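One structure below.
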Amino acid sequence: SIYEMFGNECSLSTGEVIKVIGFKINKLIASICENNEDSQFSAKVELPLSFPGLYKVMADKTPYASIEEITRKVAIGPTRFGHPRFYSPEDIKLASFTIKQGEQITFNSVEKINGTMAVNCVMVRNNKSHSFTLPLSQEGKFYECEDDQIYTLKEIAEWKIPKCRSRIVKLSNTLHMWNSSNPLPENFGGYLILMPVYEVQAVMKFRKDIVHILSDLDVEVKDITDCYDTSSFIQPLSLEDVFERTSKEFPMVAEIMDGPLGSQKPYSLLHTGEEIVIYKKYQATRIIASEMRSDSSKRHFLIPMTYKGKFKRRPREFPTAYDLETARSEREQLHVVATKAFDSPHTEFFSVSVGDQFLVQHCQTSEVLYEGTKTVIDVLACEQILSNAYKKVLLPMYMEGGFVEVIHDKKQYQLSEICKEFRLPFNVKVSVRDLSMKEDVLAALPGLQLEEEITDSYLLISSTSSPMESWEIPVYRLNMLVHLLSKDIQTGVPPLTKTTVEEISEEQYYMVRRYENQTVLPPPRPPKKPA
């Protein structure tokens with residue numbers, strides 16, 4: 001029969017040999033529950049994996065009977081999503097120590113150790129990390145731990161739905177406004193039980209593209225793996241697979257089997273059948289930037305350090321006195337205007353009126369009398385700017401006011417200069433666009449907030465259709481499959497690398513801010529007003 005599959009005509013003839021390379025969840029059937037996860041689930045809706053929103057994964061209440069069952073049903077892998085956590089309600093005695101009941105065990109990878117398959121695990125006890133292995137033969141009751149992260153539906157489908165089980169999730173954060181086309185009820189904040197619908201990913205002997213076969217297609221097949229030479233098939237590789245190759249294997253030539261969508265370069269060059277040269281893999285620095293606007297439809301960007309445009313400063317806004325302290329620097333004195341009044345309950349502190357101007361000095365402590373007891377409070381020492389004088393004042397750190405920065409600096413800065421001289425987040429506007437780019441998307445924006453510096457994984461590639469330029473492509477945000485070609489490369493030196501500002505979706509923005517820079521601790525909460 002001839003089947004039309006995702007735009008690909010595919011002939012599945014009797015006797016055709018198909019190599020299955022993976023299973024993929026195609027869509028999700030969601031049962032809706034308005035109240036709690038133990039309530040009755042009612043209506044069912046179909047959700048695409050691209051359906052927006054962030055979801056909290058509820059721990060599976062059914063235990064696993066062995067480590068082998070966990071490895072068979074739960075996704076364990078090298079990425080940040082593939083490290084599930086479990087606990088045992090009973091002690092587990094190992095050769096070197098005992099895992100106590102209730103202690104959380106993180107599963108990192110599965111490998112053969114001394115001829116026996118085992119899981120590499122990590123456990124934290126008394127703030128110390130302990131590494132150990134658990135054999136697949138280890139039996140007991142293993143329960144999933146509560147997960148405090150939030151995920152997109154696509155991430156849940158790829159990593160968080162065990163085989164032969166469903167998954168209950170709770171909507172944590174919607175990333176778009178509700179409209180009539182949304183299959184979920186308006187203002188929905190309840191639970192969903194997700195049932196996956198799979199597709200089989202396969203390659204056929206005389207085709208260079210990936211064939212997607214829905215799991216409910218009425219075709220009978222027979223497993224011939226043990227009696228067939230599978231080396232004659234093309235081996236598809238994801239960008240993650242390519243990135244895991246050793247540095248010595250680069251450069252390499254590849255043909256795209258499944259390319260991304262996009263009209264902008266380099267994505268417009270990466271269509272199915274195109275040959276590319278992959279020169280090297282590396283980590284590169286990016287600055288996360290968001291458009292400055294009051295509504296929720298902000299655009300988000302990843303700006304490379306090679307960006308050649310110039311920026312002028314824009315005023316920053318500070319909601320509390322504590323934020324003034326964190327923004328203070330030795331390089332220049334912070335000058336602000338109050339946008340919100342504050343009436344101090346203590347005579348030691350200054351009462352602020354809208355329009356008052358201050359020069360921020362330093363942090364110190366001050367004693368106040370509260371209900372007959374002396375209390376020490378963190379305060380910010382400032383100078384109030386009067387018409388012809390300066391007045392020393394103290395603002396309590398807990399003060400909830402509002403301040404806008406007054407900019408005296410008219411200099412134009414390169415991106416590298418801003419990162420070196422100022423503390424992020426930092427507000428700017430492009431004053432001179434990057435002339436090396438055909439279209440500089442940043443130049444048209446009224447303002448940008450440079451939020452955070454991250455390090456991300458990239459491949460440097462060039463296309464045979466555009467051999468005079470090379471491009472950096474992100475490993476974890478680009479869905480693309482290639483297969484390697486045994487072709488000689490004329491030169492291992494890449495052509496001129498073109499600068500690209502990557503615009504990312506709101507969900508991708510949440511992902512990079514949530515995961516890519518986990519080593520940076522969040523700022524401490526502002527001190528509270530004395531009770």
Exercise for review: Go through (1) open to solvent by 50 Å² or more (accessible area, probe 1.4 Å); (2) under 26 Å from VAL493 (Cβ atoms) and name the single condition PHE243 misses.
Suggested key: (1)
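Please verify whether MET123 is among the hydrophobic types (A, V, I, L, M, F, W, C) and either surrounded by 17 or more Cβ atoms within 10 Å (Cβ to Cβ) or at pLDDT 95 or above (or both), treating the condition exactly as stated.
yes
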Check your understanding: Looking at LYS100, LYS73, LYS141, LYS56, which is the one that is touching a Ser or Thr at 6+ places or on another chain (Cβ under 6 Å) and either modelled with pLDDT of 90 or more or more than 30 Å from LEU171 (Cβ to Cβ) (or both)?
Key -> LYS56
Practice item. Filter the range 178-222 down to residues that are part of a loop (DSSP other than H, G, I, E, B) and β-branched (Val, Ile, Thr) and give me whichever is modelled with the highest pLDDT. Key: VAL221
Exercise for review: Out of the residues in the range 183-242 that are in contact with a strand residue (DSSP E or B) (Cβ under 7 Å, 6 or more places away or on another chain) and among the aromatic types (Phe, Trp, Tyr), state the one that is nearest to ALA59 (Cα to Cα).
Suggested key: TYR191
Check your understanding: Which ones in the range 464-473 are out of contact with any Lys or Arg (no Cβ under 9 Å at 6 or more places or on another chain) and surrounded by 13 or more Cβ atoms within 10 Å (Cβ to Cβ)?
Key -> ILE473
**Study point:** Residue within the range 301-310 that is out of contact with any Pro (no Cβ under 9 Å at 6 or more places or on another chain), more than 18 Å from CYS382 (Cβ to Cβ) and either surrounded by fewer than 16 Cβ atoms within 10 Å (Cβ to Cβ) or not assigned by the TED database to the domain that holds MET437 (or both) present
**Key:** yes
Point to revise | The one condition in (1) out of contact with any Lys or Arg (no Cβ under 8 Å at 6 or more places or on another chain); (2) open to solvent by 80 Å² or more (accessible area, probe 1.4 Å) that GLU69 fails to fulfil | key: (2)
**Study point:** Boolean, SER297 is open to solvent by 40 Å² or more (accessible area, probe 1.4 Å), free of Cβ contacts under 8 Å to residues at least 60 places away in the same chain and within 16 Å of PHE403 (Cα to Cα)
**Key:** no
Practice item. Would you be able to tell me the number of residues in the range 46-100 that are without any contact (Cβ under 8 Å) to a residue 60 or more places away in the chain, among the aliphatic types (A, V, I, L, M) and closer than 15 Å to TRP159 by Cβ? Key: 1
Revision key, fill the gap. Only one of (1) open to solvent by 10 Å² or more (accessible area, probe 1.4 Å); (2) touching a Ser or Thr at 6+ places or on another chain (Cβ under 9 Å); (3) outside any strand (DSSP E or B) does not apply to THR272, and that is (2)
Check your understanding: Given ALA389, ALA327, ALA338, which one is over 35 Å from the mean Cα position of the chain (by Cα) and closer than 27 Å to LEU445 by Cα?
Key -> ALA338
Review point. From VAL352, VAL360, which residue is in contact with a Lys or Arg (Cβ under 6 Å, 6 or more places away or on another chain), aliphatic (A, V, I, L, M), in contact (Cβ under 8 Å) with a residue 24 or more places away in the chain and under 17 Å from ILE385 (Cβ atoms)?
Key: VAL360
Check your understanding: For the range 337-453, which fully contained strands (runs of 3 or more DSSP E) count at least 3 residues that are polar (S, T, N, Q) and open to solvent by 10 Å² or more (accessible area, probe 1.4 Å)?
Key -> 357-370, 373-385
Exercise for review: Spot the failing condition for GLU249; the list is (1) closer than 24 Å to ILE21 by Cβ; (2) in contact with a His (Cβ under 8 Å, 6 or more places away or on another chain), and only one is missed.
Suggested key: (2)
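The values are calculated or read from the model by the stated rules, or taken from the named source; none is laboratory data. The structure displayed is predicted, hence computed values, not measured ones. Cβ: placed from backbone, ideal geometry, glycine included. Neighbour counts: every protein chain shown. For the accessible areas, the whole protein counts, side chains as well, though only heavy atoms, and no ligand, DNA or RNA atoms are used. Shrake-Rupley method; radii C 1.70, N 1.55, O 1.52, S 1.80 Å.
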